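Okay, structure first, notes after.
The values are calculated or read from the model by the stated rules, or taken from the named source; none is laboratory data. Note that the structure is a prediction, hence the values are computed from the model and not measured. Heads up, the Cβs are rebuilt from the backbone with ideal geometry, glycines too, and the neighbour counts pull from every protein chain shown. The area values use the complete protein model at the heavy-atom level, side chains included, leaving out ligands, DNA and RNA. Shrake-Rupley method; radii C 1.70, N 1.55, O 1.52, S 1.80 Å.
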Amino acid sequence: MKLKFWLCVAPFAFFVACHCPTPSRSHADKPTMTLTEFQAKAAKFNDVITLPDYETTPEAVNHSFKTSIATADAALDKLGKLGPSQVTFANTVGALDTIMLPPSVTANRLNLVKETSPKAAVREAATDALKKFSEWAVGLEYREDIYAAVKAFADQQPKLTGEEAKLLDETMRDYRRAGLSLPKGERDEVERMRKELANLTTDFESNINKARGPVTFTRAELDGVPDAFLVQEGIKTGDDEYTLYANITFHYLMVLENAKREDTRRKFQIVHDSLAKEANGPLLKQILELRDQIARKLGYASWADYEIEPKMAKNSATAMQFLENLKKGLQPKLDGELALFREMKAKETGNPDAQIYLWDWRYYANELKKEKYNVDAEQLRVFFPLDQTLQGMLDIYQKIFGVTFQQVAPPAKWVDDLQLWAVSDSQTGEPLGMFYLDLFPRDGKYNHFAVFGIIEGKQLDDGRYQRPTVAMVCNFPPPQPGQPSLMAHDEVVTLFHEFGHVMHAMLTRARFARFSGSNVERDFVEAPSQMLENWAWDKTVLDTFAADYRDPSRKIPGAILDQLRAAELATKGTWYRRQLSFGLLDLALHSQVRAGSGVDPIQLSNQILSDTLLPVPEDSSFVTYFGHLMHYDAGYYGYAWADVIAADMASVFENSPGGYFDVATGLKLRNEIYAVGGSRPPQESIEKFLGRPQSNEPFLKKTGLATE
Ligand SMILES: [Zn+2]
């Protein structure tokens, strides 16, 4: 059981601190229909629309958890008693999909409660309940009675097709991956190793959280770092002494991007790249060796092969080849950028032989942006008042996906200005689902932007279709006295991205909850949303709603947009090669490190980092502070993988008569990608949408590579 929650990896999630009074939030509810009306309409289409209860006390949280587990366990016990002669698709794999729906809905909802409840005690109770939920779900994987029933059905080698065949295959694959097909002794060994692994990875992460890298500087050493930053509490620690922490990302970037003195940047970089070295060095080796042992016990050549099997790439060789190709493709762009940085450094230092080191590139990239592109993204805020931007975005999605959004008064609210929206098909009027909008920051609330799935789409046993409900949780700047909430341009990009996830959920037609909406391969799930980010960069799109809130006749200046984009592109090669270095080292570590191999993880990583971007400082150990190795293990390549698909998919809109407003292409996206969800292999869905085989070209073009 996986929680339906996407922490989007887009690098523009911002937390806006919430200590301001709450002036009138102008977008008061303007419901145009009631929930009952919407539900009655759904019934006519044989659809079910439900809203989740939202727990408001710790007792209610515990009650929900206990009841849903007890109900599921009773149904599972019944399933587990089936003899080999009694098993059918419906009472085994089909039944599992049905039995797991209510506990999944409860777990999803408690996950939302944990991140949004205004009451600390309720959030804590939800956190505890979720821990118990996940223990329960792991135990379920090892229930032999259930496995025996499902296996008895699989052993009949039933002739299944489509979604049913995929459901049986993946259910059996999950059991195999958990070790259920091994003899009892070996399976217990796998279970023991998995538990040990879980403890070790928790230790690795907590060492990262505990790592501190204080460095003291004089004001002269920090020449170039803004005063406004240095006067902050806790930073000025003496007359001419400033203490900065390499483990605080904000401090790290401030110094690396702004400090004029190379020795300052170098010193801070070395401290940063040695964080958690002592604690995590030996631990990392242990973790990688254990993962390798587990993978090989389960019949895989490496942990990378094991992890990638259920994803689009299927195996580590494919993922590795993909990264190597991109690395090669980006070489000329990287060379050009580094040559430019070198020129700038030679000019600045007066040394004609100046070289660019790892601690230099952020500084010169930042200088380049300031000098050449004169970028000030802040001046765009006035064009994006929240209400107007939100409505503008909704209008665009309505148009391209053939849907209608109507605001509904929420029967229960966890925060006063919560919005609830109903989604219908604009042709037939069929209700498709509902989504909540929780817009502003507050104490204890989740502090980025994300979409939380609550109710999955699913064909119910009685033939009706359970339509989905999700919540989009945002942290937009709250309105100020005399000024509406004004969004930054990167928040507009995030909004278009996140709403893509909402659409993925709403438009589902998958029969089983397991395949509903965004329940797709992990290296594919971000692609449609990454594609939709392009909309927020297009002047034609923005001109439909973006206008200066003080003078609506004033549209967004195209020159500023162009400048922003050019500035980003100017250093994209360096930025992207850095991403690729992470993907490459992640795959290498999870393929090459094994007990007795003599491969040292830190050395191997340093060699890859040096070879892909710039030589790393001697004795540094970047990987001991690289938390992604714990939960995105052998998965980091997925960011680039999805980027390439996203650019390819965007090109279909770009080459169509209506551009980003093309209704026929929107409908194709709806039918071939969103409606099918995980019910067929993503490669098939992508190629049906593209109408041709997949290509890397659009991505390379977008990255600023000259292609033939
Ligand atoms: Zn996302």
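Once the Cα-Cα distance is subtracted from the 0.36 nm per residue extended length, the ALA301 to ASP188 segment shows a gain of 38.6 nm.
Run through every distinct alpha carbon pair of the stretch 42-152 and return the Kirkwood hydrodynamic radius in angstroms, one decimal place.
So the Kirkwood estimate lands at 15.4 Å.
Take the stretch 345-437 with all the other protein chains still there, run a 1.4 Å probe, and you get 40 Å² of accessible area per residue.
Across all Cα pairs in the stretch 184-288, the calculated P(r) in 5 Å bins from zero up to the longest distance comes to 2, 11, 19, 17, 12, 10, 8, 7, 5, 4, 3, 2, 1, 0 percent per bin.
The antiparallel fraction among DSSP beta bridges confined to the chain stands at about 80%.
A P(r) calculated from all alpha carbon pairs of the stretch 120-226, with 10 Å bins opening at zero, reads 11, 24, 23, 17, 11, 7, 5, 1 percent. For the stretch 182-226, the set of trypsin sites (Lys or Arg not before Pro) satisfying both a DSSP loop assignment and a count of at most 13 other C-beta atoms within 10 Å is given as ARG212.
So, for the stretch 603-659, what is the accessible surface per residue at a probe of 1.4 Å, expressed in square angstrom? Don't skip to the end; give the middle numbers.
On the way: 1940 Å² over 57 residues.
Accessible area per residue, the stretch 603-659: 34 Å².
Report the per residue volume, in Å³, of the convex hull enclosing the C-alpha atoms of the stretch 223-334.
Values: hull volume 20.2 nm³, N = 112.
Each residue corresponds to 181 Å³ of Cα convex hull volume.
Whole-Hz Karplus values for the stretch 38-49 come out as 5, 5, 5, 5, 4, 4, 5, 9, 6, 10, 10, 10 Hz, taken residue by residue from phi with 6.51 cos²θ - 1.76 cosθ + 1.60 and θ = phi - 60°; glycine and proline positions read x.
Could you estimate the translational diffusion coefficient of the stretch 533-616 from the Stokes-Einstein equation, with Rh from the Kirkwood formula over C-alpha pairs, at 10 °C and 1.306 mPa s, in whole µm²/s?
Estimated diffusion coefficient is 97 µm²/s.
The LYS701 and LYS81 beta-carbon pair, evaluated with R₀ = 51 Å, returns a calculated FRET efficiency of approximately 0.30. The convex hull defined by the C-alpha atoms of the stretch 374-469 has an orientation-averaged projected area of 9.4 nm². Simple spin-label estimate for ARG342 and ALA595 gives 4.7 nm between the two label positions (7 Å along the Cα-to-Cβ direction from each Cα).
A cut-off of 5 Å between modelled amide H atoms, ignoring neighbours fewer than 5 places along the same chain, links LYS445 with no other residue. Across all directions, the average flat footprint of the convex hull enclosing the Cα atoms of the stretch 516-561 is 4.8 nm². Computed over protein heavy atoms with a 1.4 Å probe, the carbon and sulfur contribution to the accessible area of the chain reaches 52%. Taking all protein chains as shown and a probe of 1.4 angstrom, ASP97 keeps an accessible surface of around 20 Å². Taking 0.36 nm per residue of separation and subtracting the Cα-Cα distance, full extension of the segment from ASP145 to LYS314 would add 57.9 nm.
Before I look further, what does the stretch 214-258 give for accessible area per residue, probe 1.4 Å, in whole square angstrom? Display every interim value, and only then the final one.
Numbers: 2290 Å² over 45 residues.
On a per-residue basis, the stretch 214-258 sits at 51 Å².
Binning the alpha carbon pair distances of the chain at 10 angstrom intervals from zero yields the distribution 3, 13, 23, 27, 22, 11, 3, 0, 0, expressed in whole percent. With both labels modelled 7 Å from their Cα along Cα-to-Cβ, the ASP240 to ALA228 distance reads 2.7 nm. The stretch between ARG442 and ALA198, if pulled fully straight at 0.36 nm per residue, gains 84.6 nm over its current Cα-Cα span.
Sequence-ordered 3J(HN,Hα) estimates for the stretch 72-79 from the Karplus curve with 6.51, -1.76 and 1.60 and θ = phi - 60° stand at 5, 4, 4, 5, 5, 4, 5, 4 Hz, glycine and proline given as x.
A 1.4 Å probe, protein heavy atoms only, puts the accessible area of THR428 near 90 Å². A Förster distance of 30 Å, applied to the separation of the beta-carbon atoms of PHE89 and THR32, puts the FRET efficiency at 0.10.
What the phi angles of the stretch 528-538 give under the Karplus curve with 6.51, -1.76 and 1.60, with θ = phi - 60°, is a coupling list of x, 6, 4, 4, 5, 4, 4, 4, 6, 9, 9 Hz, glycine and proline written as x.
Provide the three semi-axes, in whole Å and in decreasing order, of the ellipsoid equivalent to the stretch 223-279 as defined by the square roots of 5 times the Cα gyration tensor eigenvalues. Please list the in-between numbers first.
Numbers: eigenvalues 76, 38, 20 Å².
So the equivalent ellipsoid measures 20, 14, 10 Å along its semi-axes.
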